[in-house]
1. Mind listing the long-range amide H neighbours of Thr186? Cut-off is under 5 Å, sequence gap 5 or more, other chains count too, H placed in the peptide plane at 1.01 Å from N.
2. Please list 3J(HN,Hα) in residue order for region 97-108, calculated via the Karplus relation 6.51 cos²θ - 1.76 cosθ + 1.60 where θ = phi - 60°; whole Hz, with x for glycine and proline.
3. Taking the Cα-to-Cβ direction at Tyr59 and at Phe182 and moving 7 Å from each Cα, how far apart do the two end points lie in nm?
4. Tell me, Tyr173, Tyr64 in order of fewest to most beta-carbon neighbours within 10 Å?
5. Taking 0.36 nm per residue of separation and subtracting the Cα-Cα distance, what length does fully extending Thr157 through Ile101 add?
Amino acid sequence: MAGENRRRRLRALLVCAGVRSAGDLTLIEQAFVHESSAKESRGVSNERMEFLGDSVLGYITAGYINDAIGRKRTFIIFALCSAVMVPLYLYAVVADWQLIIAGPLLGYFASGIFSGFGPYLSELFPSDVRGAGQGFCYNVGRGVAGIGPFAIGWLSTIAPIGTAMTVVAIIAYLLAVVAVLFLPETRGKELTAA
């Protein structure tokens, strides 16, 4: 079982790194687009509040979706929808009314994906290593995700910043999707004592 735990830790680490990196980039993307629309009389604060409201809605509903269709499917759906929303948000939004639609959708999917981390990571490991496995994957994944902003900075020296953000976010979400495909589904399974 030690070898299996090691493989699960590596795969779960890649899921966490991909999702954390892309999730952190979503906040950068939100600021990037909002900054360009800050001249509007409505201001950024109302749009930011809409994004935050839909982020909370994403957190709450994704928990129910995780229970209904499974952890893996939910991660894949939310990661792919986020990967689609990033370029749409950065390139297709040209009017305020589009921002009002695209911002909440991006916030919903990019934030909702985090609802499954707690249950899924804890269900992947037996109780004697559950805390260590979950803590390692989530926090080392967070550290690995620090590559994302660096990669954007480097890519922005050879391409526009929007392109750099899009490329890094899509790669990060796809990394999470590929890694989660190699993890077991845990919905409805009893937690094991050893």
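Here, each number is a calculation from the coordinates, and none is a lab measurement. Predicted model only: the values in this text are computed from it and were never measured. Cβ sites come from the backbone with ideal geometry, for glycine too, and all protein chains shown count toward neighbours.
1. Amide H neighbours of Thr186: Arg71, Lys72.
2. 5, 6, 5, 5, 8, 6, x, x, 5, 4, x, 4
3. Distance between label points: 3.1 nm.
4. Tyr64, Tyr173
5. 17.1 nm
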